[in-house]
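Participant: Before I ask anything, let me first share the structure, which is written out below as structure tokens.
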Amino acid sequence: MVEGTQRRLAAIVSADVVGYSRLMGVDETGTLAELNAHRSELIDPLVQKHGGRIVKATGDGLLLEFPSVVTAVECSIAIQDGMMERNANLTDDVAMRFRVGVHLGDIIVEGDDIFGDGVNVAARLEGLSEPNGLALSDDAYRQVRDRLDIDWQDGGEHEVKNIARPVYVWRWSKQETLDAAAVSGTLPLPDKPSIAVLPFDNMSGDAEQEYFAEGITEDIITELSKLRWFFVTARNSTFAYKGRSIDIKQLAAELGVRYVLEGSVRRSANRLRITAQLIDASTGNHIWAERYDRQLDDIFELQDEITQTIVATIEPELGMAERELAIRKPRETVDAWTSFQQGLWHHYRFTKEENAEAQKLFRKSIKADPNFSRAQGALAHAIYWDVLFGFTDSPEEALEDAKTISQNAISSDDKEPFAHFAYGRILTLTKDHENAIAELERAIELNPNFAHAFNGLAMALAMSGRPDEAVQKVEIAIRLNPHDPSIWTYMSLRSLALIMLKRHDEALSWATKATRQRSPGWLAYAILASALGHLSKIDDARKAGRDALTLKPDFTLSFIKQTFPFKKPDHLEVFLEGLRLADLPE
């Protein structure tokens with residue numbers, strides 16, 4: 001490094017004036033005077049107040065350095081607030097507005113100047129900012145996410161000039177904040193996920209196909225309306241937009257929804273192509289998109305199939321979107337829905353500590369809304385995991401607690417599928433197999449696309465001595481929700497049922513798939529070890545057993561005997577036999 005230079009981590013702010021060349025062209029002297037006034041009266045004092053320094057000023061641009069991202073963001077927002085006040089009585093053609101980029105990165109300091117990728121990224125972020133707004137890098141966002149009460153908008157990944165890797169962007173806009181406040185005064189978002197299904201476009205050039213496009217739309221609205229944790233805009237409201245070209249954000253504001261589903265239908269001879277995409281209207285980002293190509297044999301059967309497929313896919317995708325949205329919000333919130341979604345986020349991390357944090361958040365949600373049946377069900381299910389995965393030293397006491405909570409969930413809302421699902425899970429572990437099956441079937445009756453309930457039913461069937469039926473049900477669960485964060489549990493259960501049926505080659509295939517998913521638990525490796533043991537692949541079985549013990553050092557065959565509610569001793573024994581062949585401790 002050149003003598004006199006140093007490298008350090010810093011919060012860098014890059015700002016410039018929107019349309020500066022145009023303003024200078026109209027009135028050069030006046031523009032310079034106005035910029036200097038903004039600097040001396042607003043910007044420079046705020047930078048000093050927040051402990052920052054002005055590295056350089058180049059015409060319309062400013063490069064600032066701060067000791068922390070928090071102070072950099074607080075100062076930047078204060079500047080934007082001040083500029084909005086100073087522009088309040090000016091028309092758009094003469095108002096001076098700033099764009100601001102904020103990044104936490106490595107810089108090279110030489111004298112009073114700074115260089116390096118950190119500076120370059122901040123400059124690129126500035127270009128991605130809205131006028132009167134901020135654009136943060138993901139590194140900067142992580143520093144302020146839980147420290148500042150700001151509604152950041154997910155801007156997604158962007159390829160930017162002279163930066164090797166894409167930059168993930170988070171945005172805040174003073175104008176959007178004001179607009180949102182104005183909209184929320186007349187049509188606030190509901191306290192649960194809200195979605196509008198727009199009429200699917202008929203792209204066939206055949207007016208007779210219009211009925212099919214409308215039919216698909218109406219069926220999706222009807223099926224989504226059955227999911228009680230959704231707010232779904234009525235058909236008449238969304239069909240009012242048919243044939244109109246409208247901005248998604250504007251539409252969502254008018255209908256009071258966060259998510260929009262749109263799609264198209266195209267027919268060619270005896271083939272049909274349907275596209276669908278789910279959009280987060282608050283950011284304009286696509287959450288999910290899919291294309292379906294089918295032969296047009298039975299039009300009504302096809303319509304039912306496509307509807308079921310789209311609805312079954314949308315539900316978990318929305319769930320993931322809501323969890324990611326909730327986890328970004330400060331924990332101080334007492335909103336029942338946000339705390340519930342934050343709890344689910346931790347629940348799907350699959351560790352003892354994360355599951356304990358999930359239970360705290362579920363209880364917080366229930367405290368905020370004592371009749372929130374879904375949160376009660378989630379709490380009971382988290383306790384179920386405590387018992388099944390050995391996270392608790394008092395399994396009997398925990399099951400009694402979970403049983404009471406899940407019964408309360410059903411009392412709060414008898415038509416909540418998750419309540420019946422949770423109760424069925426608890427009854428499975430208490431070996432009340434028939435009632436467990438009945439509760440899980442009730443959950444599926446209330447929501448035919450409920451993948452977790454199919455997986456729970458598969459577990460109950462397997463433990464009750466019906467592993468062949470369990471394989472069928474878990475296959476449906478995997479098909480309904482192939483991207484579920486807990487997909488490894490589905491695959492592991494399928495493998496376990498196949499071991500019970502002594503179809504060890506198939507069991508090995510599914511157990512291997514389970515261990516290749518994101519964050520598989522010790523059970524996945526134990527089931528893999530058993531399948532390998534039965535196939536006489538002893539070295540591989542021992543390795544899988546060691547992996548299980550790494551994740552659960554106190555694992556024993558006695559734990560399996562005490563915890564897993566096998567009705568038939570021979571089904572338990574075939575599982576244990578494979579574990580013994582893997583040299584797992586008794």
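The values are calculated or read from the model by the stated rules, or taken from the named source; none is laboratory data. The shown structure was predicted, so the numbers you read here are calculated from the model rather than taken from an experiment. Please note: Cβ atoms are built from the backbone with ideal geometry, for glycine as well, and neighbour counts cover all protein chains shown.
Participant: Which pairs turn up if I take residues in the range 145-166 that are within 23 Å of Ile279 (Cβ to Cβ) and look for partners that are polar (S, T, N, Q) and part of a loop (DSSP other than H, G, I, E, B) with beta carbon separation below 7 Å, at least 6 apart in sequence or on another chain?
Facilitator: Pairs found: Gln153/Ser282; Gln153/Thr283; Asp154/Thr283; Gly155/Thr283.
Participant: If you don't mind, there's one more thing I want to ask. Do we find that Leu63 is surrounded by 12 or more Cβ atoms within 10 Å (Cβ to Cβ) and either charged (D, E, K, R) or in a strand (DSSP E or B) (or both) in this structure?
Facilitator: yes
Participant: Which ranges mark the strands (runs of 3 or more DSSP E) fully within the range 88-164 that have 2 or more residues being among the small types (Gly, Ala, Ser) and modelled with pLDDT under 80?
Facilitator: 153-158
Residues are listed down the side, and each one gets a yes or a no for (1) surrounded by 12 or more Cβ atoms within 10 Å (Cβ to Cβ); (2) modelled with pLDDT under 90:
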{"site": "Gly4", "(1), (2)": "no, yes"}
{"site": "Leu9", "(1), (2)": "no, yes"}
{"site": "Asp27", "(1), (2)": "yes, yes"}
{"site": "Gly30", "(1), (2)": "yes, yes"}
{"site": "Leu35", "(1), (2)": "yes, no"}
{"site": "Leu42", "(1), (2)": "yes, no"}
{"site": "His50", "(1), (2)": "yes, no"}
{"site": "Glu74", "(1), (2)": "yes, no"}
{"site": "Ile77", "(1), (2)": "yes, no"}
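Participant: Going through Ala15, Ala37, Ala72, Ala11 one at a time, which residue ends up being assigned by TED's automatic domain parsing to the domain that holds Gly118 and touching a helix residue (DSSP H, G or I) at 6+ places or on another chain (Cβ under 6 Å)?
Facilitator: Ala11
Participant: So, one more: Modelled with pLDDT of 75 or more and closer than 22 Å to Gln342 by Cα: is that true of Leu189 in this structure?
Facilitator: On the way: modelled with pLDDT of 75 or more: no; closer than 22 Å to Gln342 by Cα: yes.
Here the answer is no, as Leu189 does not meet what is asked.
Participant: Might you let me know whether the range 322-341 holds any residue that is in a loop (DSSP other than H, G, I, E, B), modelled with pLDDT of 75 or more, of a type in the set (Ser, Thr, Tyr) and crowded, with 18+ Cβ neighbours inside 10 Å? Explain how you work it out, then say what you get.
Facilitator: Our first condition is that a residue be in a loop (DSSP other than H, G, I, E, B); within the range 322-341, this holds for 328-335.
Narrowing the set further to residues that are modelled with pLDDT of 75 or more leaves none.
Looking for residues that are in a loop (DSSP other than H, G, I, E, B), modelled with pLDDT of 75 or more, of a type in the set (Ser, Thr, Tyr) and crowded, with 18+ Cβ neighbours inside 10 Å, one finds none in the range 322-341, hence no.
Participant: Can you name the residue in the range 80-115 that is without any contact (Cβ under 8 Å) to a residue 60 or more places away in the chain and among the small types (Gly, Ala, Ser) and, of all such residues, is nearest to Glu65 (Cα to Cα)?
Facilitator: Gly82
Participant: Within the range 501-538, can you find the residues that are farther than 28 Å from Pro316 by Cβ, of a type in the set (A, V, I, L, M) and surrounded by fewer than 24 Cβ atoms within 10 Å (Cβ to Cβ)?
Facilitator: Leu501, Leu535, Ile538
Participant: Based on this model, can you work out whether Tyr292 counts as over 17 Å from Gly319 (Cβ atoms) and assigned by TED's automatic domain parsing to the domain that holds Val232?
Facilitator: When the stated conditions are applied, Tyr292 passes them.
Participant: Does any residue of the range 380-396 turn out to be among the acidic types (Asp, Glu) and either over 19 Å from Gly521 (Cα atoms) or touching a Leu at 6+ places or on another chain (Cβ under 8 Å) (or both)?
Facilitator: Yes: the range 380-396 contains one or more residues that are among the acidic types (Asp, Glu) and either over 19 Å from Gly521 (Cα atoms) or touching a Leu at 6+ places or on another chain (Cβ under 8 Å) (or both).
Participant: Residues to consider are Ile410, Ile426, Ile444; find the one that is closer than 25 Å to Thr313 by Cα, in contact with a helix residue (DSSP H, G or I) (Cβ under 6 Å, 6 or more places away or on another chain) and β-branched (Val, Ile, Thr). So that I can check it myself, show each step before the final result.
Facilitator: On the way: Ile410 fails: closer than 25 Å to Thr313 by Cα; Ile426 fails: closer than 25 Å to Thr313 by Cα.
Every option except Ile444 fails the conditions.
Participant: Taking only the range 437-463 into account, find how many residues are closer than 24 Å to Lys561 by Cα and surrounded by fewer than 24 Cβ atoms within 10 Å (Cβ to Cβ).
Facilitator: The number of residues fulfilling the criteria is 1.
Participant: Which number in (1) under 19 Å from Ala37 (Cβ atoms); (2) surrounded by 18 or more Cβ atoms within 10 Å (Cβ to Cβ); (3) of a type in the set (Val, Ile, Thr) marks the one condition that Val69 misses?
Facilitator: Result: Val69 fails condition (1) only.
Participant: Being surrounded by fewer than 16 Cβ atoms within 10 Å (Cβ to Cβ), on the phi > 0 side of the Ramachandran plot and not hydrophobic (A, V, I, L, M, F, W, C), is that true of even one residue in the range 79-87?
Facilitator: no
Participant: Ok, one more. Of all residues in the range 551-576, how many are farther than 22 Å from Asp393 by Cα and buried (at least 16 other Cβ atoms within 10 Å of the Cβ)?
Facilitator: 5
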